[in-house]
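Here's the structure, in structure tokens; my notes come after.
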Amino acid sequence: MTKLFIEDLPLKGKKVLMRVDFNVPLDGDQRITDTTRIEAALPSIQYVLKQGGSLILMSHLGRPHHSPEPELSLLPVAKMLEGLLNQPVKMPKDCIGREVKMKVDNLKPGEVLLLENLRFHRAEEYPEEAPDFAKELASYGDFYVNDAFGTAHRKHSSTYTIAQYFPGKAAAGYLMEKEIRFLGEVLKNPQRPFCALIGGAKISSKIGVIKSLLKRVDSLLIGGGMAFTFLKAKGMEIGNSICERDLIPLAKEILNLCEKSQVKIQLPVDFIAAKKCSDDAEARTVDATQGIPDGFEGLDIGQKTIDLFSKAISQAKTLLWNGPVGVFEFERFAKGTFAIAKAVADSSATSIVGGGDSVAAINQSGFQEKITHISTGGGATLEYIEFGTLPGIEALSDKSAAKQMT
């Protein structure tokens, strides 16, 4: 990696400002339901502490309306982190201001401070409106470490703007380095055949990566709600299923590109359809040749599609999965997604799973240990595949800058 790495930094006695991705799922009682992202940050956190540095962590959580919202406080994360580190984690009531500055000034080597949710401030997402926000955050640390791959595609204050205040001192953490190295190596020289399964609700958020994948993969499987825009483009009746009608011409273009590039594209051939999305809905299996009747919407793939997709997955040497193939939050429409999770886990291929919903399905299935690489990024993973870099990576110092430090 050409970017500065956490191990290049002389951390003893220094304050380290680290961007992590603690955007974890919470239940109605503010209990964390999946600790994957917190645990993924532990190697970098523990390294700083072991090297004798003091640590200021910053993260966002959810999508608050740019003001304090108690249900989106990072306090549950601080308590969870205390247990994982077996030491106190201090936490102020904000991420900037006099109280924060006092706590930072008093922070001793080996101690940890977690700032409150960055997105309680509009300036986090809109740095151009208030550049002093990033400047104040930067004032807390001697070094900056970005270990939040999942947010590296955003040009936010804490992931992009802030790096300018650390010339020659902005480094990647262990998780960031791992994601860059793994995705870069696999995508640069994948074992063939390379199969990608792209799901999720909308094609609009994945146009770029689909086009990019056409230059890399041997086969492309399309599932989830986005499949219906492609099926509509092929003339199938889709009933009330989700469809981005303004993108039908683009779906046709992608289908034509597949044909020209000799990439085998596979769309679902049957569905589980219902009149409403709920566990008590009356559901039926519908064949693609019949079309989905009016009043019904496709909410999962059917058994024929499960078999078809599973066969393609079993034949692959490299696998990429991003996005569920059905509304798996409802048990009635979860069979397809969990069947795909099993097929990916059973495969002998090098497997990459990215995106919150896909990772959740893998974790719920208990197959996480069988996946070669579970990426902490959703949109970040896709954008890295598309562009080969991300704004948050580009903002980091070059490795050569390490020679200038004392």
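Values computed for the structure shown
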quantity	calculated
Residue list for region 371-388, restricted to those being at pLDDT 90 or above and of a type in the set (S, T, N, Q)	THR372
Residue that is buried (at least 23 other Cβ atoms within 10 Å of the Cβ) and more than 26 Å from LEU319 (Cα to Cα), where the choices are GLY141, GLY168	GLY141
Strands (runs of 3 or more DSSP E) wholly inside region 214-310 containing at least 3 residues that are over 30 Å from LYS188 (Cα atoms)	270-274, 283-287, 297-301
Evaluation of GLU383 against (1) among the charged types (D, E, K, R); (2) crowded, with 18+ Cβ neighbours inside 10 Å; (3) over 19 Å from VAL186 (Cβ atoms) (one fails), failing number	(3)
Failed condition for LYS15, given (1) surrounded by fewer than 14 Cβ atoms within 10 Å (Cβ to Cβ); (2) in contact (Cβ under 8 Å) with a residue 40 or more places away in the chain	(1)
Scope region 9-39; condition in contact with a strand residue (DSSP E or B) (Cβ under 6 Å, 6 or more places away or on another chain), more than 21 Å from GLU69 (Cα to Cα) and not in a loop (DSSP other than H, G, I, E, B); matching residues	LYS15, VAL16, LEU17, MET18
From LYS211, LYS188, residue being on the phi < 0 side of the Ramachandran plot, touching a residue at least 12 places away in the same chain (Cβ under 8 Å) and among the basic types (Lys, Arg)	LYS211
Residues (within 18 Å of GLY141 (Cβ to Cβ) and surrounded by 13 or more Cβ atoms within 10 Å (Cβ to Cβ)) located in region 82-100	VAL89, LYS90, MET91, PRO92, ASP94, CYS95, ILE96, VAL100
Residues within region 83-115 that are out of contact with any strand residue (DSSP E or B) (no Cβ under 9 Å at 6 or more places or on another chain) and either of a type in the set (Asp, Glu) or not assigned by TED's automatic domain parsing to the domain that holds SER158 (or both), tallied	3
Options ARG245, ARG216: the member that is free of Cβ contacts under 8 Å to residues at least 24 places away in the same chain and either over 13 Å from GLY298 (Cβ atoms) or polar (S, T, N, Q) (or both)	ARG245
Members of region 24-80 that are polar (S, T, N, Q) and either out of contact with any Leu (no Cβ under 7 Å at 6 or more places or on another chain) or surrounded by fewer than 22 Cβ atoms within 10 Å (Cβ to Cβ) (or both)	GLN30, THR33, THR35, THR36, GLN46, GLN51, SER67, SER73
Residue within region 329-336 that is surrounded by 24 or more Cβ atoms within 10 Å (Cβ to Cβ) and closer than 19 Å to GLY302 by Cα present	yes
Options ALA312, ALA334, ALA360, ALA343; residue that is under 22 Å from the mean Cα position of the chain (by Cα) and modelled with pLDDT of 95 or more	ALA343
Criterion: in the same structural domain as GLY336 (by TED's automatic domain parsing) and under 29 Å from the mean Cα position of the chain (by Cα) - qualifying residue of ILE292, ILE254, ILE238	ILE254
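The values are calculated or read from the model by the stated rules, or taken from the named source; none is laboratory data. Because the structure is predicted, anything quoted here is derived from the model rather than measured. Glycine gets a Cβ as well: all are built from the backbone with ideal geometry, and neighbour counts include every protein chain shown.
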